[in-house]
Amino acid sequence: MNIPQSPTGLPRRRFLLQAAATAGLAVQGFDVPEVWTAESQPTDWFHEAGWGVMTHYLGAPPSSDGGAELSAAAWNEQVDAFDVAGLVRQLVSTGTKYLLFTVGQNSGHYCAPNATYDRLVGIQPSKCSRRDLIGDLAQALEPHRIRLLAYLPSGAPAADPVARRKLQWRWGAPGGWQLPGEPVGGRLAEFQRNWEAVCGDWSQRWGRRVSGWWIDGCYFADEMYRHSDEPNFASFARALKAGNPGALVAFNPGVKVPVVCHTPLEDYTAGEVNLDQVAEAIRSCPGRWIEREGRRVQFQILSFLGQT
């Protein structure tokens, strides 16, 4: 959630990703309607996995405005020290089939290089790490048949005023991440093209090593993305799939119960729900699919492992 504070009031450190596979729901004791039959779908592996793990790894606490004090050198030291093998051992021990991992969020620190971002933003030394942590994770997970999905916000790093200005991004409503005296809203076509280029750079870097994307903060879809001409949801999804046309994409509209399909151009629902809403979200599950505008999208929910 790319807002100053989580609406749940809980620390957003670690989550459980639960794909709405009938078997996975049945194990939890919930009755699920009969799943629609279908030919082979790009989301079949996701459906069959049943569940996965998500974690934040950031330059500041999730959903906060921190990170200004973190130098590029300190961020590189932190990322260089990340114990990929240790995390992989933990994941293997759980039996999970996929990991959703943050590339970055509000502070402007990202755990992989991106020449396009550096060129557009012009911050030196770069706040993109020299180590490609996403690439290293994907490589280490592959022998264990654990897939990697990447998390990114839909907007510029909200707590980095330089990046916001250079990327031409503004918050879409009064309050929240709005800067003093700054206008809000709008289509932000220039920003969208910039951000598509940044995301496309990462997508082509990682190729098929990244199996999907979870894009946070798509709260102002009517103003920004629901247009017949580009930039729109279609061009954003295409940029995310530039390196892997088979990658799955979800666009998060925020906490919604029942879970909704935000656009027929996503492959699965972002499905963010609060911990106390999980049972209700599962009970309202229509089956494997949610349909929007004639297209079926894989039902999935994202929630907390617990309260800390």
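The values are calculated or read from the model by the stated rules, or taken from the named source; none is laboratory data. Since this is a predicted model, take the numbers as computed values, not measurements. With ideal geometry, Cβ positions are generated from the backbone for all residues, glycine too; neighbour counts draw on all protein chains shown.
Some values worked out for this structure:
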quantity	calculated
Residue match in segment 26-35 (condition: in a loop (DSSP other than H, G, I, E, B), surrounded by 14 or more Cβ atoms within 10 Å (Cβ to Cβ) and modelled with pLDDT of 95 or more)	no
Lone qualifier among Gly207, Gly271, Gly212 - being of a type outside the set (Phe, Trp, Tyr) and surrounded by fewer than 23 Cβ atoms within 10 Å (Cβ to Cβ)	Gly207
Filter pass, Val121 being within 23 Å of Gly186 (Cα to Cα) and touching a residue at least 24 places away in the same chain (Cβ under 8 Å)	yes
Subset of segment 157-190 [among the charged types (D, E, K, R), surrounded by fewer than 20 Cβ atoms within 10 Å (Cβ to Cβ) and under 23 Å from Ala72 (Cα atoms)]	Arg165, Lys166
Index of the failed condition, Pro258 passing every other in (1) free of Cβ contacts under 8 Å to residues at least 60 places away in the same chain; (2) closer than 21 Å to Trp45 by Cα	(2)
Scope segment 211-259; condition of a type in the set (S, T, N, Q), part of a loop (DSSP other than H, G, I, E, B) and out of contact with any strand residue (DSSP E or B) (no Cβ under 7 Å at 6 or more places or on another chain); matching residues	Ser228, Asn232, Asn244
Single condition Tyr110 does not satisfy, out of (1) within 18 Å of Cys199 (Cα to Cα); (2) in contact (Cβ under 8 Å) with a residue 40 or more places away in the chain; (3) not small (Gly, Ala, Ser)	(2)
Filtered residues of segment 41-90 (kept if more than 20 Å from Ser129 (Cα to Cα), out of contact with any Gly (no Cβ under 9 Å at 6 or more places or on another chain), aliphatic (A, V, I, L, M) and in a helix (DSSP H, G or I))	Val88
Test for Cys199: is it more than 17 Å from Asp216 (Cβ to Cβ) and crowded, with 20+ Cβ neighbours inside 10 Å	no
Top-ranked residue in segment 243-263 [being surrounded by fewer than 20 Cβ atoms within 10 Å (Cβ to Cβ) and among the small types (Gly, Ala, Ser); ranked as nearest to the chain's Cα centre (by Cα)]	Gly254
Residue count, segment 197-235 (criterion: among the hydrophobic types (A, V, I, L, M, F, W, C), within 14 Å of Val249 (Cα to Cα), touching a helix residue (DSSP H, G or I) at 6+ places or on another chain (Cβ under 7 Å) and in contact (Cβ under 8 Å) with a residue 60 or more places away in the chain)	2
Single match in Ala150, Ala158, Ala163, Ala138 (criterion: assigned to a loop (DSSP other than H, G, I, E, B) and not β-branched (Val, Ile, Thr))	Ala158
Only one of Ser63, Ser93, Ser40 that is closer than 30 Å to Arg288 by Cα, modelled with pLDDT under 95 and not basic (Lys, Arg)	Ser40
Those residues of segment 265-308 which are part of a loop (DSSP other than H, G, I, E, B) and either closer than 13 Å to Thr43 by Cα or touching a His at 6+ places or on another chain (Cβ under 6 Å) (or both), in sequence order	Glu266, Asp267, Thr269, Arg288, Phe299
